[in-house]
Amino acid sequence: MTISLPDIQFLTSESGTRLLTHLAFQDLSQANTLHLLTALRKDYSAEQARAALEMAGLRLKAIDKFGADASTMFFTRDALEQASDPLIRRYRASQIGAMRVVDACCGIGADSLAMAALDADVIGLDLDAVRIELARCNATALGVSARFQIGDVCAGLPEAGVVFFDPGRRDEQGRRIHNIDHYLPPLSTINAWPHQQVVVKLSPGADLAQLESYDGRIEFISVNGDLKEAVLWRDGSPKALTATLLIGDTTHHWHSSANITTANTPLSEPHSWLVEPDPALLRAGLVQDVAAHFNGSLLDETIAYFTTDHKPESPWLRSWAVLDWMPFNLKHLRTYLREHQVGQVTVKKRGTAVTPRNLDSSVKTQR
């Protein structure tokens with residue numbers, strides 16, 4: 001369902017606040033929805049009950065991204081979906097610093113509030129009146145100073161030291177938009193802005209070929225080993241692909257080494273350890289770089305694993321000891337597993353179409 005301006009007016013009223021507080025302690029499962037609606041209809045209209053249940057459910061889902069603050073904030077389903085991981089919001093805000101910032105397509109204000117919390121002077125713009133009102137409510141709820149107003153970012157932006165741009169990456173049916181020219185609005189919108197620094201949130205799966213015409217650094221960001229976002233930093237920095245790994249309060253960066261070439265990372269049969277780089281390194285095309293750094297060899301030019309003689313210790317890597325290896329042959333593999341009485345198998349799969357069902361019955365596949 002969608003949240004409307006009248007819904008927001010009710011939910012932020014004294015009566016709506018009491019109702020949301022009450023619902024925070026209720027069973028909000030789908031199985032209990034009808035029971036709750038029936039009970040609420042004794043004191044509230046159908047629209048009020050529906051809006052309150054929707055917001056209470058969204059607050060519950062928002063805990064992963066907003067922690068305890070979620071209990072007092074306001075969301076829509078699609079805006080919550082688009083909100084960044086909290087570690088990324090904090091990291092990006094720290095990189096932007098205490099400057100005057102225009103948050104173009106600000107949504108419910110998640111990034112605006114993260115930047116404002118670090119003393120940035122933020123004005124958020126969005127065409128969606130509901131999202132702007134929710135952003136204002138969230139600023140009030142969190143006690144953060146930021147301004148929000150309805151505005152068409154395609155028509156121009158106020159003066160600012162930095163523009164943060166978070167275009168919509170899902171269509172009206174909720175399907176992901178992969179082509180940057182079909183973002184809402186298109187990425188090319190930034191070409192009309194005269195600002196010296198423009199920071200753009202992108203899908204981590206963005207086609208690098210489509211980004212070739214854009215100046216600046218593209219950063220792929222992983223949180224605890226899970227690739228989350230890509231960011232285009234159009235701030236005068238040279239074109240480059242970089243990787244960032246966020247683990248708690250610790251930030252790790254990996255930049256390409258100018259002296260690393262394919263010749264530094266030879267192909268080899270497996271050694272003592274099989275090593276898998278963080279997905280941010282994969283998307284940034286830094287596998288050869290990191291393999292060379294750890295004196296490793298590639299198993300194949302097109303596969304992201306590499307192999308080493310000694311276990312490499314790094315938050316960027318996952319490693320497994322190699323007990324044995326063989327050229328891939330499904331029949332020989334099944335025979336080997338049977339002869340060695342191997343029970344459950346976890347298949348780390350790259351560069352092959354084999355599926356778990358081709359092995360034994362208790363097989364788990366990871367990509």
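Key figures for this structure:
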| item | result |
| --- | --- |
| Residues of region 43-76 classified as of a type in the set (D, E, K, R), within 20 Å of A129 (Cα to Cα) and free of Cβ contacts under 8 Å to residues at least 24 places away in the same chain, total | 0 |
| All positions within region 127-146 that are open to solvent by 60 Å² or more (accessible area, probe 1.4 Å) and over 25 Å from T2 (Cβ atoms) | G143, S145 |
| Meets criteria (modelled with pLDDT under 90, in a loop (DSSP other than H, G, I, E, B) and either under 30 Å from E229 (Cβ atoms) or not acidic (D, E) (or both)) for T352 | yes |
| Filter pass, G143 being farther than 22 Å from E229 by Cα and either without any contact (Cβ under 8 Å) to a residue 40 or more places away in the chain or among the β-branched types (V, I, T) (or both) | yes |
| Residue match in region 20-31 (condition: at pLDDT 95 or above, under 19 Å from I108 (Cα atoms) and not in a helix (DSSP H, G or I)) | no |
| Residues within region 275-318 that are within 30 Å of G216 (Cα to Cα) and of a type in the set (S, T, Y), tallied | 3 |
| Residue check for G124: open to solvent by 20 Å² or more (accessible area, probe 1.4 Å), at negative phi and touching a Lys or Arg at 6+ places or on another chain (Cβ under 8 Å) | no |
| Hits in region 170-227 (condition: acidic (D, E) and touching a residue at least 24 places away in the same chain (Cβ under 8 Å)) | D181, D207, D215, E219, D226 |
| Tally of residues being part of a loop (DSSP other than H, G, I, E, B), within 20 Å of A284 (Cβ to Cβ) and open to solvent by less than 50 Å² (accessible area, probe 1.4 Å) across region 295-334 | 7 |
| Complete set of residues in region 149-180 that are in a loop (DSSP other than H, G, I, E, B) and open to solvent by 80 Å² or more (accessible area, probe 1.4 Å) | E159, E172, Q173, R175, H178 |
| Scope region 46-66; condition out of contact with any Asp or Glu (no Cβ under 6 Å at 6 or more places or on another chain) and open to solvent by less than 40 Å² (accessible area, probe 1.4 Å); matching residues | A49, A52, L53, E54, M55, A56, G57, L58, R59, A62, F66 |
| Strands (runs of 3 or more DSSP E) completely within region 181-282 that count 2 or more residues being surrounded by 13 or more Cβ atoms within 10 Å (Cβ to Cβ), under 16 Å from the mean Cα position of the chain (by Cα) and among the hydrophobic types (A, V, I, L, M, F, W, C) | 198-202, 217-223, 226-234, 240-247 |
| Pairs, first surrounded by 24 or more Cβ atoms within 10 Å (Cβ to Cβ) in region 94-119, second part of a helix (DSSP H, G or I) and polar (S, T, N, Q), C-beta under 8 Å, six or more apart | V101/S112; D103/S112; C106/S112; G107/Q82; I108/N138; G109/N138; A110/N138; L113/N138 |
| Complete set of residues in region 90-121 that are farther than 19 Å from L232 by Cβ and in contact with an Asp or Glu (Cβ under 6 Å, 6 or more places away or on another chain) | A98, R100 |
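The values are calculated or read from the model by the stated rules, or taken from the named source; none is laboratory data. Computed from a prediction, not measured in an experiment: that's the story for all the values here. Heads up, the Cβs are rebuilt from the backbone with ideal geometry, glycines too, and the neighbour counts pull from every protein chain shown. Surface areas here come from the heavy atoms of the whole protein model, side chains and all, with no ligands, DNA or RNA. Shrake-Rupley method; radii C 1.70, N 1.55, O 1.52, S 1.80 Å.
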